[in-house]
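Let me begin by presenting the structure, written as structure tokens, before commenting on it.
The numbers here are math on the coordinates, done by the rules we state, and not lab data. On a predicted model such as this, the values are computed, not experimentally measured, just so you know. Here Cβ is always computed from backbone atoms with ideal geometry, including for glycine, and neighbour counts include all displayed protein chains.
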Amino acid sequence: MKMPVVFLVALALGLSACAGAGTGGSTTFGSAPYPPDVYQHRVSTNEVEIYWTCTAPGAGTQRVEGVVRNSKGGVVKFMELELDAVDAQERYGASAKTALPVIKLFANQLAPFALQLSAGADTQRLDLFYNYERDAASGDAQQVRFLALDVCSPTQHRVRQQG
């Protein structure tokens with residue numbers, strides 16, 4: 001009879017440890033540092049800060065890797081990012097999309113992302129679109145969409161809210 005009680009206590013402790021590890025209030029995701037000094041680029045708009053680095057892992061291939069941080073305290077939900085190649089005539093070509101690995105991003109929480117695309121020889125720049133759902137003052141959810149221009153250039157990035 002003693003063995004089942006010990007087993008149940010051990011099981012309860014194990015489950016409570018696992019439940020605590022999945023909470024959304026952590027300031028890191030895995031081993032991501034904060035502040036994210038390892039990233040070359042940054043934009044900040046409303047509820048989020050995005051940090052990233054651009055690399056060219058192969059000929060004609062561009063990779064953007066980074067983290068998103070919820071900086072305002074509300075909950076950011078269903079965040080998606082899209083990297084688009086832009087040619088000299090301002091037309092969009094190749095694109096890559098991803099969603100954050102968490103559905104809800106809580107205050108000060110970081111979540112990683114990675115985007116990779118094969119850009120054509122006529123690609124002049126890469127733009128990053130990102131959208132998410134936030135709670136409005138009325139309590140209703142509101143979709144917001146932003147555009148960060150020329151995300152792999154060494155200059156400061158301009159951000160525009162879309163629609």
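Could you give the dipole magnitude of segment 27-162 about its Cα centre, charging the beta-carbon of Lys and Arg +1 and that of Asp and Glu -1, in debye to the nearest 20?
With Lys and Arg at +1 and Asp and Glu at -1, about 220 debye.
Work out the length of the dipole vector of segment 58-115 about its Cα centre, built from +1 on the beta-carbon of each Lys and Arg and -1 on the beta-carbon of each Asp and Glu, and round it to the nearest 20 debye.
It works out to roughly 360 debye.
Which of the peptides 100-109, 141-150, 86-95 is most tightly packed, and how do the rest follow, going by the mean number of other Cβ atoms within 10 Å of each residue?
In decreasing order of mean packing, 100-109, 141-150, 86-95 become 100-109, 141-150, 86-95.
Under a point spin-label approximation (7 Å from Cα along Cα-to-Cβ), what is the Ala59-Asp122 distance to one decimal in nm?
In this crude spin-label approximation the distance works out to 2.0 nm.
Which cross-chain or sequence-distant (5 or more) residues have an amide H under 5 Å from the amide H of Lys72, H modelled 1.01 Å from N in plane?
Distant-sequence amide H within range of Lys72: Asn108.
With N residues in segment 37-163, what two-decimal value do you get for its Cα radius of gyration over 2.2 N^0.38 Å?
Dividing the Cα Rg of segment 37-163 by 2.2 N^0.38 Å gives 1.05.
Which is farthest toward the positive dipole end of segment 27-162 among Ala148, Ser95, Ala59, measuring Cα position about the Cα centre, with Cβ charges +1 (Lys, Arg) and -1 (Asp, Glu)?
Ala148
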